[in-house]
1. Does region 180-187 contain any residue that is among the hydroxyl-bearing types (Ser, Thr, Tyr), under 24 Å from Ala60 (Cβ atoms), touching a Leu at 6+ places or on another chain (Cβ under 8 Å) and at pLDDT below 95?
2. Can you tell me which residue in region 173-219 is nearest to Val65 (Cα to Cα), limited to those that are part of a strand (DSSP E or B), open to solvent by 50 Å² or more (accessible area, probe 1.4 Å) and aliphatic (A, V, I, L, M)?
3. Taking interchain pairs and intrachain pairs at least six residues apart, which have beta carbon atoms under 7 angstrom, with the first residue in region 193-207 and under 24 Å from Val146 (Cα atoms) and in contact (Cβ under 8 Å) with a residue 40 or more places away in the chain and the second assigned to a loop (DSSP other than H, G, I, E, B) and open to solvent by 50 Å² or more (accessible area, probe 1.4 Å)?
4. Please go through (1) more than 23 Å from Arg205 (Cα to Cα); (2) open to solvent by less than 10 Å² (accessible area, probe 1.4 Å) for Val134 and return the number of the only condition it doesn't satisfy.
5. Got a sec? Which of Val78, Val53, Val64, Val88 is open to solvent by less than 70 Å² (accessible area, probe 1.4 Å) and more than 19 Å from the chain's Cα centre (by Cα)?
Amino acid sequence: MAIIRPPDQAFEITAGKPGTGTSGVRDVLRDGALGILFQARLGEEGKRQVVFVTVPDARAQTAVVQLLQTKNLSLDRVRFRTVPRLQVPQGPGDGPATLEVERQISPYAFTFRFVLNADLNTWLAQGALRCQLVAQVLDPRAREVVGGWPPAGPDSNPQFCGSNRDALDVPWRGQWDGRRSDGKAAPAGTYEVRVGLRVTLRGGRIIWLLAPPQMISLP
């Protein structure tokens with residue numbers, strides 16, 4: 001006789017005491033809550049359910065902690081992991097690229113779109129596999145990164161470079177919404193934008209095609 005078994009399903013244990021456990025934390029920590037940059041997932045640690053929260057820096061972690069505290073939620077089941085943003089190297093890199101910065105104004109915020117073009121012919125011939133647009137917005141006053149692309153960790157948003165010449169004319173696009181990792185608007189001032197294409201070759205070697213830095217202003 002055949003036995004029919006339904007597929008396994010994940011479930012979450014709800015704590016009997018309000019403010020403890022993981023369900024309340026999960027309800028509050030929806031990715032992008034209040035514009036904070038983080039990713040939250042449910043996991044286990046020593047047979048206890050915990051919420052693993054990945055953040056790009058200490059500023060984002062502080063914002064998540066404050067958010068949970070305002071909801072009277074315990075941090076006992078929260079585990080933070082810091083995965084810094086990718087950094088665009090300085091210098092000429094391994095090849096040139098051109099960058100256009102498009103500024104868009106909405107009733108609520110400023111958004112900057114980055115459009116990068118680069119010739120990949122040489123690198124496709126050498127086995128280019130993955131291409132990733134990386135952008136950094138730096139505050140020269142504080143010498144810190146306040147924004148960029150991709151918004152998540154180093155492994156987010158990689159793409160195939162393309163296997164034929166017809167794929168090479170497609171520009172690489174990213175954006176920045178004018179906010180820091182804690183979701184707050186960046187202060188008014190002038191910022192430096194560094195953008196490059198991070199190319200992973202067959203065998204694991206990484207090369208950068210870099211555009212000259214540009215300056216943008218926030219009123």
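1. As a first pass, look at region 180-187 and keep what is among the hydroxyl-bearing types (Ser, Thr, Tyr): 181.
Right, trim to under 24 Å from Ala60 (Cβ atoms) and you get 181.
Right, trim to touching a Leu at 6+ places or on another chain (Cβ under 8 Å) and you get 181.
This time we only want the ones that are at pLDDT below 95, so: 181.
Among the residues of region 180-187, at least one is among the hydroxyl-bearing types (Ser, Thr, Tyr), under 24 Å from Ala60 (Cβ atoms), touching a Leu at 6+ places or on another chain (Cβ under 8 Å) and at pLDDT below 95, which makes the answer yes.
2. So, considering only residues that are part of a strand (DSSP E or B), open to solvent by 50 Å² or more (accessible area, probe 1.4 Å) and aliphatic (A, V, I, L, M), the one nearest to Val65 (Cα to Cα) is Ala185.
3. Short answer, once both residue conditions are applied: Val193/Pro213; Arg194/Pro213.
4. Status for Val134: all satisfied but (1).
5. After applying the criteria, what remains is Val78.
The values are calculated or read from the model by the stated rules, or taken from the named source; none is laboratory data. As the structure is a computational prediction, the values presented were derived from the model and not from experiment. Heads up, the Cβs are rebuilt from the backbone with ideal geometry, glycines too, and the neighbour counts pull from every protein chain shown. The area values use the complete protein model at the heavy-atom level, side chains included, leaving out ligands, DNA and RNA. Shrake-Rupley method; radii C 1.70, N 1.55, O 1.52, S 1.80 Å.
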